[in-house]
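What follows is a single structure, written as structure tokens, with notes after it.
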Amino acid sequence: MSAIPIRSSSSVRCIVNGRPVALEVRPEALLLDVLRDRLQLKGARRSCDMQVCGACTVLVDGAPVSACTYLAVEVDGREVTTVEGLADGDRLHPLQEAFIDHGAVQCGFCTAGMLLTAKALLAEDPSPTPERVAEYLRGSLCRCTGYRKILDAILACATPKAAAR
Amino acid sequence: MLRPFALHRPATVAEASEILAQQGRDAALYAGGTELLLILKEGLLRVKSLVDIKRLPGLAGIRADNGHLLIGAAATHRAVEHAPEVHARCPLIARVARHVANVRVRSVGTVGGNLAFADPHSDLATAFLLFDATVRLAAQAGERELALGDFVVGPYETSRRDEEILTSVRLTPWPAGTVGAYVKYGLHERPTLGVAVALTVAGGAVRGARIAVGCVGPRPQRLAGAEARLGGWSLADVERRAGEVGAEAAAAVDAVDDLHGSAEYKRDMTRVFVRRALLVAAARSAGRESHERHPHTVVV
Amino acid sequence: MRVERDLDVAAPPERLWAALWDVPRMVACLPGCAEAREVEPQKRYEAHMSQRVGPISLSVPMQVTIADVVSPHSLALEAKGRDGSLGASVAMSVRLAVAPRDGGSRLRVEAEGKILGKLGALGHGVIQRRAEELIDEFGLRLKRAVEG
Amino acid sequence: MTGRPGGFRIVGQSVRRTDALEKVTGRARYLSDMELPGMAHARLLRSPYAHARLLHVDVRAAREVPGVHAVLAASDLTFCDPFYGPALRDRPLLASEVVRYEGEPVVAVAAVDEATAAEALDLVEVEYEELPAVTTLEEALAPGAPRVHTAEPLAGHFSDLSSLRAKPGTNICHQFDYTRGDVATALAGAHLVLEETYRFPRIQHYSMEPHGALAQWDDEGGLTVWAATQNPFSVRSELAKMFALNASRIRIAVPLLGGGFGGKTYAKLEPLAAALARVARRPVRLLASVEDAFRTVRRCSARVRLTLAFHRDGRIAALACEADFDIGAYADIAPRVIQKATYTTTGPYRVGHVKLHSNAVYTNTTPGGAFRGFGVPQLVWGVESMMDVAADRLGRDPVDLRRQNLLAHGEEFAPGDTPVDGKLEESLGRLAEAIQWSAAAAPGRAKGIAAMMKASVAPSVSEAIVRLHADGSANVLVSTVEMGQGARTVMAQIAAEVLALPLDRVRVVPPDTSITPYDQTSSSSRSTTMVGRAVQEAAQDVVDQLRKIAADMLGEPAARLTVLDGAVVSGAQRLAYPDLLDHHFGMRGGELIGRGVVAPGRTKTALGGSTPFWEVAMGGAEITLDEETGAIAIESYASVSDVGRCINPQQCAAQDEGAVMQGLGHTLFEEMVYEGGQLLNADLAGYRVPRAGDVPPRLETLFVENGDGAGPFGAKGVGEGGLIPVSPAVGNALARLTGVRMRELPMTPERVWRALRARTRPTTNP
């Protein structure tokens, strides 16, 4: 049995975008706030604040989570990927390239969440159907683009069905 | 923003129950947090402690148990979606789990949390009712097992006592020859309606039928009257007369007005979707899969 | 939220009226209502209302005011209060009317109310049903008390 | 992209957005990313009542909480004018004496962090006395209805609204009237007279980034506000008035916006942030949540009674409109919304006899303001639905009937007003072709179309400065706000085109009222046209200076010189810009500054200004219907916009795709639901915006490009138009499919289900 008393912190060690990070966090600290305010990783953003919109999406051990409704203490011993960790140095991730080329970026507020969600989808299903992509993005809202260009960008990064076999 | 709380990580169910017994309503059970953290953020619930039960040994497990399927309360929707045991014994549940909320909620949200929060607009409880689900509640004093229908007593209301922990849900796989379908419909984030049906067919006739309807009322319901009507029907009867069962279900269902729609509309949608779900199940029973699509509708 | 109910009581109207006009006792028939007391005779009362909706507990000190009395036929009261910790305000108006009926009497209850704040918006859909259950239980308890 | 007309290098190309890289890497910065040393965090206490008297506000305990830097209630606002608003100064910074809508701010706190601010707000005691509320038009307009406002408010900063016509003793805060010809006589002589009423719901912008402001006072009493705003200069003039400061002492700087859609026009949270910062004596950041945004501004809902009359041959004989707009508890810019939209009720059609009347009606709900389309969608929903009703009654094809009534190219919209600058029949033809209008719909499907023509804001001013530096790179200084629409990229393209520079040599400076020159607003689809023209002029000014310098050096007349690839060219001679500047200044330093001003000024038309261009958009939908549930599915949608010329075709398409999808939102799902004065769905769980799964299988955007727009290179505005025809196009398709005519939005499954059950006419399936 262990406990973190009220108003005290516990140490969290994790890997963020490939780098080890050690932090002291309080139990009520939300992952989104820790990423944004403590680690200065501002790419994940707060919008609906209730797991509907996806603007705060980050990957924890590869799985998309809503950082706005996720306790920071939970990432102890795990790997966190934010949009800042997508590119390999100056080399953009293919999804990032595709989003730019397809004009899938407008105001940009949803972009990080869209990219990470798409990354998780393609890891799970490298050759999704258009319907599967739209369904997987059910919890990823965009108010600017109308989604068409986002869907196109993601599908452009899918492995063609024949090659996948 | 969350107000401060302590986080307890008990090593055993007994320890967890002890904290709950001591702190009463000042403590809340915490697993995935997808529901709990929302009401804490809203300030609708204020607690001094969260009791994290998702690391309790075995609580996240999914396994066969004496012919049943046992899903640990801390198993995530995603785990249910992918577990071979679920695919083998209750494949419909794996398909339902794949469509719960959105991918982020599925990564984190747990089966136990979903049942214990008892949001009326939810998929799992409805689908579980089709498998005669029982839930196991544990406390220091001992354990008890309840039918899911007795556990969920109303919107957000369960018969769990403050010191009890929901540890697992047990599903009884269907007899051979049973085919099911789950159909959900709705515009909003949460479903407006969920219908689960299963038909056990032997010798070309329905030997058993199960129908559950959720989201339209205070809690999900099995509709025994509608189920009984199907007894002895051939698949052709089902395809021809499914509408009668839908109408019976609509008459029996307890529907309420809310943002998702009027009770009147929901009742009629119960009629429509019970019929549609039965048609899907009947087709599957005959080895056919319908690819008909309807707006705002998910068929699994 | 609006609830209307008619309830037959096997007691003469006078007895039913007497039970109603004993306001603290009558108010205590509402499930979750406790500590009802008189502040100003036959005019102002206080009571504490507690309700639970799943994990959410509502705890409201209520001010009850008699808005209208037509003795021994009808009684209208207003009740309001606020749960500071939930940021929820509760306001109710209730009209109770007594009429003779087949040797006994009939009680008509017309209750209207609202919960303001996040709880009210979230609980929309749940609150109406809960209110119906509360009024039904209130009627049963009152009936038991009168017929007792 | 080869062979673009006009031989442009960069204009007409789908170049990568200049902000794309920062946005895909997470490096883009928005207001919520900004922090200042010592910054306090603000939170607001909002009224749970729709209408109540504030009996008592006790903030003493809140002030005692350690870490609290400022607690404000209305009575503390003695250091500023506590009222604001662009049309009427009727909105209190914090509710004073009366709260007029659920969610109105009552107390504001700034503290060391949000948790402390929340803790302090928990200790605030407010006693309300509930007042009867009006939350619908019917309630607000009923005789003897409770009044939302009883005092006379002061005019805001729009001179065209200085003569606001309130109706004394009622909740009508402004009325607009416009008459042309003689409607009564025209109606009497008409072959067909239709009278119908259409309703449009309250809609939330839901820009993914909610409102926000970060305010800081300096030691000399100057004020800087970083604001998520679409028009920093309006915010500046509001703050100048409230705090009695010269405009020169106020600096409004605007980072990237996470969407705007009109919801971030005019002061919203900036005044409160400034007031808190003043008292806290430190920077204060006030970030709205999405729930707060629902309580900040919305689209005005409307009830529109239309009379549309036709001659036997299909010509429109007359149009009369009686529109009531529900503008919520405070006027915001709604009076301007209602008059501007109502004035163009006739849209793209030639109508000789017109009588228009609209009311801006106060209700006890979230204030209504600007929202993509500025009131026009509310009217087009009715007019374009009725065009189809008329076609049906006249036995005419809907496309054909519209074509017959379209204004011609160059024809004045109204006497003395801006002539039509596009070829409307070409747009209609492209649309009919795109949705294969002449081909019969497949069984179970039907098509519908709609058209619209919208004015941009007028009068209107945009200024630009282009600075060519010694190394031959350039900065463009404009106050266009980048909120996703791609304006920064377009401005860079325009400047690079004129300056003959590669795009990466041009950088557009973010808006900052102390640095970038005046621009009225980034809204009304005006930026490419107005700011773009100013940029074009400013860049041309620099080019003219360069040519003059080169003319000196070469001894040739400037008129014979051209610019190419960063140099002034004369025959085989080539003088690179750095060399020209070096020659001009006698050193490697100094810069050329070009200026552009676009200010068409006032006209004698009904609104006091004439639109600089007409935004023209038409839409066609093909739908199917789940008859049992009432759920409509959009199988195909085509949107045609006349943009004069696409500066960046990909961005034009992105704007229109987004507009169509946003339009589908209010067409099918979106509606702020009130019950008993309480907003029930102020969050994304209950307020349904379009999702990826709602994108029609076929979504096509087409552009008419005749180079005849009033903007640079013959371009003109885009962005709002595509949204506007969506509702009537879908409604018309539904009517053709089922015979059921919907007159209220959104067309939710339940509403359609009810209409289908009430249907008396048999199904007609064309």
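Assorted remarks:
- The accessible area of B:Tyr265, taken with all protein chains in place and a 1.4 Å probe, comes to roughly 10 Å².
- When you restrict to C-alpha pairs under 8 Å that are six or more residues apart and normalise by the size of chain D, the relative contact order lands at 15 percent.
- Solvent-accessible area per residue in segment D:55-135 equals 38 Å², computed with a 1.4 angstrom probe and all protein chains kept.
- Segment B:1-110 shape via C-alpha gyration tensor axes, a/c threshold 1.5: oblate
- Out-of-range pairs (alpha-carbon distance over 24 Å; input A:Lys119/B:Lys41; A:Lys42/A:Lys119; A:Lys119/A:Lys161): A:Lys119/B:Lys41
- Straight-line cross-link reach from D:Lys167 at under 20 Å between alpha-carbon atoms covers these aspartates and glutamates, not counting any fewer than eight positions away in the same chain: D:Asp90, D:Glu138, D:Glu139, D:Glu152, D:Asp177, D:Glu322, D:Asp324, D:Asp326, D:Asp332.
- Student exercise, segment C:54-122 dipole from Lys, Arg, Asp, Glu Cβ charges, in Debye to nearest 20: 100 debye
- Accessible area (Å², per residue) of chain B, counting only protein heavy atoms and a probe of 1.4 Å: 34 Å²
- In degrees, nearest ten, helix C:127-147 long axis to first principal axis of chain C (Cα): 30 degrees
- Cut-off 14 Å between beta-carbons: net charge of the residues surrounding C:Ala145, Lys and Arg +1, Asp and Glu -1: +2
- Gyration tensor verdict on chain D (Cα atoms; rounded if a/c is under 1.5, prolate if a/b is larger than b/c, oblate otherwise): oblate
- Look at the stretch B:267-273: the mean tally of other chain Cβ atoms within 10 Å of its residues' Cβ atoms is 3.
- Rounded to the nearest Hz, the phi-derived 3J(HN,Hα) couplings of segment D:272-279 under the Karplus curve 6.51 cos²θ - 1.76 cosθ + 1.60 (θ = phi - 60°) are 5, 4, 5, 5, 5, 5, 4, 6, where x marks glycine and proline.
- Peptides C:5-16, B:282-293 ordered by packing proxy, namely the average of other Cβ atoms within 10 Å per residue, highest first: C:5-16, B:282-293.
- Centroid-to-centroid, using Cα positions, segment B:1-78 and segment B:214-274 are 34 Å apart.
- Taking the accessible area of segment C:2-147, probe 1.4 Å, and keeping the other protein chains in place, the carbon and sulfur fraction comes to 52%.
- Net dipole in debye of the protein assembly as shown [+1 Lys, Arg Cβ; -1 Asp, Glu Cβ; about Cα centre; nearest 20]: 1360 debye
- Radius 15 Å from Cβ of B:Thr110, net charge of other residues (Lys, Arg +1; Asp, Glu -1): +1
- Gyration tensor verdict on the protein assembly as shown (Cα atoms; rounded if a/c is under 1.5, prolate if a/b is larger than b/c, oblate otherwise): rounded
- Fraction of beta bridges assigned by DSSP in chain D that are antiparallel (%, nearest 5): 80 percent
- The residues of chain C have, on average, 46 Å² of accessible surface per residue, using a 1.4 Å probe with all protein chains present.
- Taking segment C:2-147 and dividing mean pair separation by its residue count, relative contact order in percent (alpha carbons under 8 Å, at least six apart): 29 percent
- Residue-averaged [θ]222 nm for chain D, counting only DSSP H segments that reach four residues, each worth -39500 (n - 2.57): -7500 deg cm²/dmol
- For D:Met587, the solvent-accessible surface with a 1.4 Å probe is about 110 Å², rounded to the nearest 10.
- Positive-end ranking of A:Ala3, B:Val86, D:Ala120 along the dipole of the protein assembly as shown, with charges on Cβ about the Cα centre, is headed by B:Val86.
- Over 22 Å between alpha carbons, listed pairs B:Lys266/D:Lys447; B:Lys54/B:Lys184; D:Lys264/D:Lys454; C:Lys80/C:Lys118; D:Lys454/D:Lys716: B:Lys266/D:Lys447; B:Lys54/B:Lys184
- Ordering C:Leu16, C:Gln51, C:Val98 by the projection of their Cα atoms onto the charge dipole of segment C:1-104, which places +1 on the Cβ of Lys and Arg and -1 on the Cβ of Asp and Glu, puts C:Gln51 at the extreme positive end.
- Peptides D:729-737, D:371-379, D:129-137 ordered by average Cβ neighbours within 10 Å, highest first: D:371-379, D:729-737, D:129-137
- Hz values of 3J(HN,Hα) by residue in segment C:45-51 - Karplus curve (6.51, -1.76, 1.60), Gly and Pro given as x: 9, 10, 7, 10, 10, 10, 9
- Here the protein assembly as shown carries DSSP beta bridges of which approximately 85% are antiparallel, counting only pairs with both residues inside.
The values are calculated or read from the model by the stated rules, or taken from the named source; none is laboratory data. Quick caveat, the model's predicted, so the values are computed rather than measured. Backbone-built Cβ (ideal geometry, glycine too); neighbour counts: all protein chains shown. What goes into the accessible areas is simple: the full protein's heavy atoms, side chains included, and nothing from ligands, DNA or RNA. Shrake-Rupley method; radii C 1.70, N 1.55, O 1.52, S 1.80 Å.
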